[in-house]
Amino acid sequence: MNYHSHQDSSVKASFSDALLASLAPGGGLWMPDALPKYSPNETARLGAMSFADCAAELAANFVDEKFTAADLKNICRDAYNFPVPMVTLAGETLDPALAPDAEDFVLELFHGPTLAFKDFAARFMGRAASHIMGKTKQRRTILVATSGDTGGAIGDAFLDQEGIKVFILFPKGGVSKVQEQQLTTMGNTRSNVKAIAVDGSFDDCQQLVKQAFGNNALCEEHDLMSANSINVGRVIPQSFYYFWTSLQAKAAYPSRPLVYAIPSGNLGNLTGGLIAKQMGAPINRFVIGNNANDPFVDYLSTGEYTPRPSVPTLSNAMDIGRPNNFPRILALHGEDYTEVTKVCWGASFSDEETERHIRRVHTETGYVMCPHTAVGHLAMEKFAEDVSDPFTRITVGTAHPAKFADSVERILHTDIPLPEPLAKAMRKKKRMHVMSPTLDALSEYLAKHA
Ligand SMILES: *Cc1c(COP(=O)(O)O)cnc(C)c1O
């Protein structure tokens, strides 16, 4: 598979080059030249496989000759060594024999090591990058802006990897307590992963990373690479779980349409879903949930796209005013607004509504949602108000509620036990560099530590 720039289809790259280069020359986003299309017979075969093996088969379409089928199988089995459950709010698994009438599922994508769905992309990308760089003695400096979860997942995926240094830029005071602890405790003082607390918002962090990539001298000096969802190596693996889980859901409830709700910020997760659908995954609709940062939901209802500065909310991983995958979503639909609205529907919710929903779901069912997942579930409920026939609802659970224990415990007045990886991180000493949001400050720090 070759890739082209979304700004100019004559600018081409292989998968390996697109992954290592992050952005196309001129700043465009890499897009696959064509998507594979699976027939219902072929999808049935893929749905019968384990998730990891299905992911490896799908990945084969997107890579280049540096990867054999066996390489991909190893990468995916190693990356995806945790469960991918779909459960009802009452805790039933996806099983029509046990729950014949169940309609409302959460796809829990938070059972990886950093307890957020970012692990799916980061773990594939980390292994793919090290496979490409493997014998070449290349080195790379990864700059990653994070609103909380990406940094942890990327740091974990690249920790101790030879030839790679990772600098995580997060908004100082703008991530949850648990997230900050996770970001700032990776490795020891000589670790290849370093956390930088930026005096500013997530948009400032993202802007700073963009500026660094726009600076040729800095790029060349440090061999900079992005691990944000502008990198095509992040977006492609996010199609795998939509593809595989939609086949499981369709096999369980074959006669019902299938709708996913995605709590969204930079729209990378949605882009993965849209790619899966175009490859033949049996998905009828995507419902997008936004918090107060809702330029995409606004676009869906008005056709006007107006990026804007972000405002802080309870669901901080979605505090994004300029979703960087928006151009990819347009490109996947021939730049046609009407085509986008045939597949995507959206709604946005305030923090008050989100808190109330977390409380109601917990009271009625005992299920504890993280604030992001709650926004997705609210959007699904709103979408369902206008649908009379039964359909299978899958809300994408993007993070474990314990990652947001500070707010969830306040909302529910109950203790949220920390799973072991988090409990371990909470005991470690935090290390971070505090910095003003300027390219000079960043260059100076890189000069010392990259
Ligand atoms: C990153 C993140 C999101 C938003 O995903 P996008 O791909 O940026 O739209 C939602 N929820 C959580 C918990 C996240 O970490």
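The values are calculated or read from the model by the stated rules, or taken from the named source; none is laboratory data. Owing to the predicted nature of the structure, the values given are computational and were not obtained by experimental measurement. Methodologically, a virtual Cβ is constructed for each residue, glycine included, from the backbone with ideal geometry; neighbour enumeration extends over all protein chains shown.
Values for this structure:
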| quantity | calculated |
| --- | --- |
| Test: residue in segment 221-243 that is at pLDDT 95 or above, over 14 Å from the mean Cα position of the chain (by Cα) and away from the ligand (no atom under 16 Å from the Cβ) | yes |
| Some residue of segment 182-200 being under 19 Å from the mean Cα position of the chain (by Cα), within 27 Å of I358 (Cβ to Cβ), within 14 Å of the ligand (Cβ to nearest atom) and outside any loop (DSSP other than H, G, I, E, B) | yes |
| Residues of segment 244-284 that turn out to be in contact with a Leu (Cβ under 8 Å, 6 or more places away or on another chain) and either more than 16 Å from the ligand (Cβ to nearest atom) or in a loop (DSSP other than H, G, I, E, B) (or both), as a count | 15 |
| Selected residue (only one of T365, T395 is surrounded by 18 or more Cβ atoms within 10 Å (Cβ to Cβ), of a type in the set (S, T, N, Q) and in the same structural domain as G91 (by TED's automatic domain parsing)) | T395 |
| Evaluation of S14 against (1) surrounded by 19 or more Cβ atoms within 10 Å (Cβ to Cβ); (2) within 23 Å of G134 (Cα to Cα); (3) not charged (D, E, K, R) (one fails), failing number | (1) |
| Top-ranked residue of segment 314-354 - restricted to ones that are of a type in the set (S, T, N, Q) and at pLDDT 95 or above, ranked as nearest to A374 (Cα to Cα) | T354 |
| Single unsatisfied condition, T136 versus (1) over 27 Å from H372 (Cβ atoms); (2) in the same structural domain as E221 (by TED's automatic domain parsing); (3) within 22 Å of the chain's Cα centre (by Cα) | (3) |
| Residue that is out of contact with any helix residue (DSSP H, G or I) (no Cβ under 8 Å at 6 or more places or on another chain) and surrounded by fewer than 23 Cβ atoms within 10 Å (Cβ to Cβ), where the choices are D203, D156 | D203 |
| Enumeration of residues in segment 290-311 that are within 15 Å of the ligand (Cβ to nearest atom) and assigned to a loop (DSSP other than H, G, I, E, B) | N291, A292, N293, D294, P307, S310 |
| Output for segment 86-110, where each listed residue is within 25 Å of T150 (Cβ to Cβ) and either charged (D, E, K, R) or surrounded by fewer than 17 Cβ atoms within 10 Å (Cβ to Cβ) (or both) | E108 |
| So K428, is it closer than 21 Å to M186 by Cα, crowded, with 19+ Cβ neighbours inside 10 Å and of a type in the set (K, R) | no |
| Residue that is crowded, with 24+ Cβ neighbours inside 10 Å and touching a His at 6+ places or on another chain (Cβ under 7 Å), where the choices are A261, A227 | A261 |
| Which numbered condition P100 misses (of (1) touching a residue at least 12 places away in the same chain (Cβ under 8 Å); (2) part of a loop (DSSP other than H, G, I, E, B)) | (1) |
| Unique match (being assigned to a helix (DSSP H, G or I) and either touching a Leu at 6+ places or on another chain (Cβ under 6 Å) or at positive phi (or both)) among A157, A59, A122 | A59 |
